[in-house]
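Engineer: Have a look at this one.
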Amino acid sequence: METKLSDYRGAETATEKKVKVTFQPLDVTVEGEKGESVLEIALRHDIPLEHNCGGNCACTTCHVIVKGGMENLSEMEDEEDDMLDKAKGLTLTSRLGCQAHVYGDVVVEIPRK
Ligand code: FES
């Protein structure tokens with residue numbers, strides 16, 4: 001079968017759309033689509049990340065601590081910042097998994113509740 005240049009470009013683009021998220025302390029790395037939230041990626045791969053409000057930035061159960069690739073996450077909005085203040089064990093690299101959208105590889109820790 002003949003491979004056209006356009007096929008190759010398509011394959012390359014598909015690869016570029018993928019991101020890897022490593023969840024600690026499980027030490028599990030899964031793939032997601034660029035732009036998905038940490039929570040969406042976790043749920044699709046059966047990673048136990050709580051999400052009591054259903055991903056609506058109205059709780060803190062999806063709290064994760066970013067261990068690597070912070071620059072690959074979406075900027076924090078005020079709403080998330082305000083909600084995070086209520087998170088137990090807040091750190092300087094804390095994010096809400098449902099609000100942090102992934103644009104490159106990241107490592108996050110799911111803190112103990
Ligand atoms: S699931 Fe409630 S804030 Fe993320």
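Engineer: Can you spot the aspartates and glutamates whose alpha carbon is less than 17 Å from K20's alpha carbon? Ignore those fewer than 8 places along the same chain.
Structural biologist: Within reach: E12, E31, E33, E36, E40, D46, E71, D105, E109.
Engineer: Among 95-106, 18-29, 33-44, how do they line up by average Cβ neighbours within 10 Å per residue, starting with the highest?
Structural biologist: 95-106, 33-44, 18-29
Engineer: Right, here's the next one. Hey, what did the chain get for relative contact order, percent, Cα under 8 Å, at least 6 apart?
Structural biologist: Rounded, it is 34 percent for the chain.
Engineer: So which of K67/K113; K18/K88; K18/K67 end up more than 21 Å apart, counting from Cα to Cα?
Structural biologist: Exceeds cut-off: K18/K88.
Engineer: Would you kindly state how much longer the chain becomes between D85 and T15 on full extension, computed as 0.36 nm times their sequence separation minus their alpha carbon distance, in nm to one decimal? Mind dumping the intermediate values first?
Structural biologist: Numbers: separation 70, 0.36 × 70 = 25.20 nm, distance 3.61 nm.
Extending this stretch completely gives an extra 21.6 nm.
Engineer: Let me ask something additional. Report, to the nearest 10°, how far helix 5-16 tilts away from the longest principal axis of the Cα atoms in the chain, using its own Cα long axis and a range of 0 to 90°.
Structural biologist: It works out to around 10 degrees.
Engineer: Let me ask something else about it. Lysines within cross-link reach of K17: Cα-Cα under 18 Å, excluding same-chain residues under 8 positions apart?
Structural biologist: Excluding near neighbours in sequence, the set is K34.
Engineer: Could I get the Rg over Rh figure for the chain? Both from C-alpha atoms, Rh via Kirkwood, rounded to two places.
Structural biologist: Here Rg/Rh amounts to 1.07.
Engineer: Let me ask you something else. Can you give the extra length, in nm with one decimal, that the chain gains between V28 and E71 once fully stretched, where that is 0.36 nm per residue apart less the Cα-Cα distance?
Structural biologist: 13.4 nm
No value in this document is a laboratory result; all are computed from the given coordinates. These figures come from a predicted structure and were not determined experimentally. Every residue, glycine among them, receives a Cβ derived from its backbone with ideal geometry; neighbour counts consider all protein chains shown.
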